[in-house]
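Data first, discussion second: the structure below is written as structure tokens.
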Amino acid sequence: MTFRTGLTRRTLLAGAAALAALSAPLSLAAQEVQTGGTLVLASLQKPRHLNAAVQSGIATAVPAAQIFATLLRYGETFEPEPYLAESWEYSDDAKTLTLKLRSGATFHDGEPITSEDVIWSLGVTKENHPFSTMLEPIESMEAPDPQTVVINLREPHPALLLALSGPLTPILPKHVFDDGQDITSNPKNNLPVGSGPFKVTQFEPGQHIILERHDGFFLEGRPYLDRIVIRQYQDANSGVLAMESGEAQMFPLLDATRLIRRLEGAGTMVVTDQGYAGIGPINWLAFNTKNPALSDVRVRQAIAYAIDRDFVANALHAGLSKPAIEPVVQNSPFFTENVERYDFDLDKANALLAEAGFGEGGQPLTLRIDFIPDNEEQQRAVAEYVKAALAKVGIEVSVRSSPDFPTWAQRIASHDFDMTMDQVFNWGDPVIGVNRTYLCSNIRPGVIWSNTQSYCNEEVDRLLNEAGVEPDLARRQELYAAAFGQITQDAPIHFINEVPYHTVYLQAVQNPPVSIWGTMGPLDEVWLQQ
Amino acid sequence: MVAITTVSTPTPTPAPAARGPMAEAWGIFRRSPAAMLGLVILILVTLMTVAGPFLYPVDAFEIVWAPLTPPGQEANIPLGTDNLGRDTLAGLIAGGRATLAVGFAAAAITMVIGVVIGSYAGFYGGGVDNLLMRFTEFFQVLPPLLFAMVVVTLFQPTLVNVALAIGVVSWPQTARLTRSEFRRIRTLEYVSAMRAIGASNSHVIWRVILPNALPPLIVSATLTIGMAILFEAGLSFLGLSDPNVMSWGLMIGSGRQYLLDAWWVVTLPGLMIFLTVLGVSLVGDGLNDAFNPRMRER
């Protein structure tokens, strides 16, 4: 199975440019790439360090995708494209992947990038990355020559190609990092020598990260920018003011919808919700199925019917968030329409509650709801809305606030909750970001974003596990559709909305990051019109 | 002021005053326009929170209309809605109750702790004073907001805990004030006289000295109410308040994200806090003047 070059954005752009050149002289001939310049990115995230091989999360992902190359990259579709690997091929049984690396690629210190580095990096990631399922089926890796990597799998692992892209498996210089120190706490993680289009020259936590163009980058002529500054702001308001004053040119991962609307109205900026298909962020209400009342599926379904997703999306989130109805986002290749949606229906909610012995005439039902602190619009506001909405069907909800994220995480991880608002990311493939929430084997007290719902359905486990090793995409889609159908039926989670992440940028910014990984992929194609 | 008449028996009886000390104080208070304005504000705010729910029976937590509706746009929602679509006026009415309750409760806690510690320290002096004052200083040097945050974080952010936290960080000043009053008064002749006729220590502390030390303490308590209201707002602004009880601070805390495009969500509860604290301060100042003997001579 060789890769096929899909209709990528680059070919489209080339086509568009050709068309423009043919059609009229007044068309945008200025689309010729201008190199140089500094792009200032407004950021609210605070990375602990910059080594994405041992640290998940968007805070590290954005700078790490600039500092480190990955083997593959993705455009706007879930179709892999060459990056550090110029070609790749699966064996017929889909258990061996052979990748050919580009020749002449070098790290920021000038040393060549070889198959040894790739194998070492994947090994480190497999051992240390929090997403343990990502590379888990790798049995062994071989380097027949400095340009070839062979990955042997225990079983087919269709999530692998995606795992070799974006922020997930950065290629590290073995000669720098293999120094006998624990890689998770290696001080070199703060200013790492990398392999990507930009090298990091300054990392001031809480202030800024300065990334300078790597002149020896293996893609000819890239990156177009001279410098990227990731400037950290304390809150979305100050980031937005920086955009308005021109201090920053791009604000990715902005989810404060009133502020997005405000910038949209300014007229000098472009607002897009593209670039987030890869993380697939969902804002949801999770149930502790060990709670006596919530162990009854009818109670969970009743709560789902009593919550009006459209109110959340349109009224609370200014019409900018899409409703979420199942474990994956709408942009995922595994999205299916064929699930129970739980459209707002108070009569059904009341009937289900009555059947379960609650509601009017039944036992009174009191529940507590938690939410992730410091996220007003997505978490606290929705939690308070749930309180008001469930009051209408006679469920009394008390909102419990947590002073900080660790307190919330500790409460949820130790299963000390009735219901909680939560935000969980798909990370591109269900094997990486979805299974963890539903597998019986992943009920692991003490671990946040595991199956803290204590939900267990053998049939769902079977479907998810089978889909995880199914190389055929169509068959995989069927299996996931069946799994998601069953999960929504069992309602351990009530899916509410997709987090309305948007990227806002000044009109001068060209080739904005709209791939599935957005700013968590390389920004080597971005340029500034001067 | 029964105590004053009681203790004045051993000393030569002074010429009978035309009015009681309270009436005299009220006379001075009444003549100050600023103090009367403060009193009127406080009465209005209290009326609003007490009578409001009957005149405007809207549940402060119910979602009544589109979120962030500006004031005046809908006839039946005079002050608009917040980020969830809850009625702002209903929030102000319900929130006032909680905010005032926290203010008074915190002031009461402050007074109880401060007066007990301050009076024992001031009365006994010596080792007891030394010990109690070192204890007080320990609390005095703690940064109050930070300490209150820790208290609220460790326990749940319920209104009771918020009031307790504020009380726990504010009592040292009251203790100092009480101590200095006690040290002054315990040397006065009528106290010696009470001792001479065999009054017990606790009788002297609670029945003799305390009533005479009260005027500055009342002023201090009044100002503590204002401070506690501001403190509650500050904690709420940082997200450390009870999300299940509407308070002005909570309204400000959950509305601050919308400050750039929905001014009323934060401004209206802010205005209420401003007015209430202003009222409390004016009343406090008025009381200070009214209890001041120098003012009395005029």
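Every number in this text was worked out from the coordinates using simple rules, so none of it is lab data. These numbers come from a predicted model, not from an experiment. Here the Cβ positions follow ideal geometry from the backbone for every residue, glycine too, while neighbour counts run over all protein chains shown.
What the table shows:
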read-out: Amide H contacts of A:Leu365 (H built 1.01 Å from N, under 5 Å, at least 5 apart or other chain); value: A:Gly359, A:Glu396
read-out: Zone of A:Ser91's modelled label, taken as backbone nitrogen in the stretch A:142-168 under 18 Å from a point 7 Å along Cα→Cβ; value: A:142-145, A:148-161
read-out: For A:Tyr224, residues with placed amide H under 5 Å, excluding near neighbours; value: A:Val526
read-out: Label point distance in nm, A:Ser140-A:Gln507, each placed 7 Å from Cα along Cα→Cβ; value: 6.0
read-out: Dipole of the stretch A:310-370, positive end: most advanced residue of A:Gly361, A:Leu316, A:Tyr342 [Cβ charges, Cα centre]; value: A:Leu316
read-out: Most positive-pole-ward Cα, A:Asn190, A:Val124, B:Gly20, against dipole of the protein assembly as shown from beta carbon charges; value: B:Gly20
read-out: For the stretch A:456-472, Karplus couplings with θ = phi - 60° (6.51, -1.76, 1.60), whole Hz, Gly/Pro x; value: 8, 9, 4, 5, 4, 4, 4, 4, 5, 5, 5, 5, x, 10, 9, x, 7
read-out: Measure of compaction for chain B (Cα Rg per 2.2 N^0.38 Å); value: 1.18
read-out: Mean Cβ neighbour count within 10 Å, used as a protection proxy, ranking B:124-133, B:216-225, A:120-129 highest first; value: B:216-225, A:120-129, B:124-133
read-out: Value of relative contact order over the stretch A:281-498, rounded to a whole percent, pairs C-alpha under 8 Å and six or more apart; value: 32
read-out: Peptide A:378-385, shielding by other chains (average Cβ, 10 Å cutoff); value: 4
read-out: Table column - 3J(HN,Hα) (Hz), the stretch A:333-347, Karplus curve with 6.51, -1.76, 1.60, x for Gly and Pro; value: x, 9, 5, 10, 7, 8, 9, 5, 8, 6, 5, 3, 7, 5, 5
read-out: Listed residue pairs exceeding 29 Å between alpha carbons, taken from A:Lys126/A:Lys199; A:Lys100/A:Lys174; A:Lys290/A:Lys392; A:Lys46/A:Lys126; A:Lys46/A:Lys387; value: A:Lys46/A:Lys387
read-out: The protein assembly as shown - Rg (one decimal) and Dmax (whole number), Cα, Å; value: 33.3, 115
read-out: Relative contact order [Cα under 8 Å, 6+ residues apart], chain A, whole percent; value: 20
read-out: Highest to lowest packing among B:197-205, A:364-372, scored as the average C-beta count within 10 Å; value: A:364-372, B:197-205
read-out: Amide H contacts of A:Ser402 (H built 1.01 Å from N, under 5 Å, at least 5 apart or other chain); value: A:Phe371
read-out: Shape of the stretch A:281-498, Cα gyration tensor, a/c cut at 1.5; value: rounded
read-out: Chain B - percent relative contact order, Cα under 8 Å, separation 6 or more; value: 27
read-out: Net charge contributed by nearby residues that have their C-beta within less than 10 Å of A:Asp117 (K/R +1, D/E -1); value: -2
read-out: Full-extension gain in nm, B:Phe274 to B:Val160, via 0.36 nm per residue minus C-alpha separation; value: 38.8 nm
read-out: Residue-averaged beta-carbon neighbours from other chains (10 angstrom radius) around A:312-321; value: 2
read-out: Projected label distance in nm at A:Glu79 and A:Asp472, using a 7 Å step from Cα toward the beta-carbon; value: 2.2
read-out: A:Thr201-A:Glu360 pseudo-label distance in nm [points 7 Å out on the Cα-to-Cβ vector]; value: 7.1
read-out: FRET efficiency, 1/(1 + (r/R0)^6) with R0 22 Å, evaluated for B:Asn201 and B:Phe135 via beta carbons; value: 0.65
read-out: Positive minus negative residues near A:Glu458 (Lys, Arg vs Asp, Glu; Cβ under 13 Å); value: -3
read-out: For B:Ala105, net neighbour charge (Lys/Arg +1, Asp/Glu -1) across residues whose Cβ lies under 15 Å away; value: -1
read-out: J(HN,Hα) series, the stretch B:127-134, from Karplus relation 6.51 cos²θ - 1.76 cosθ + 1.60, nearest Hz, glycine and proline x; value: x, 4, 4, 4, 4, 5, 6, 5
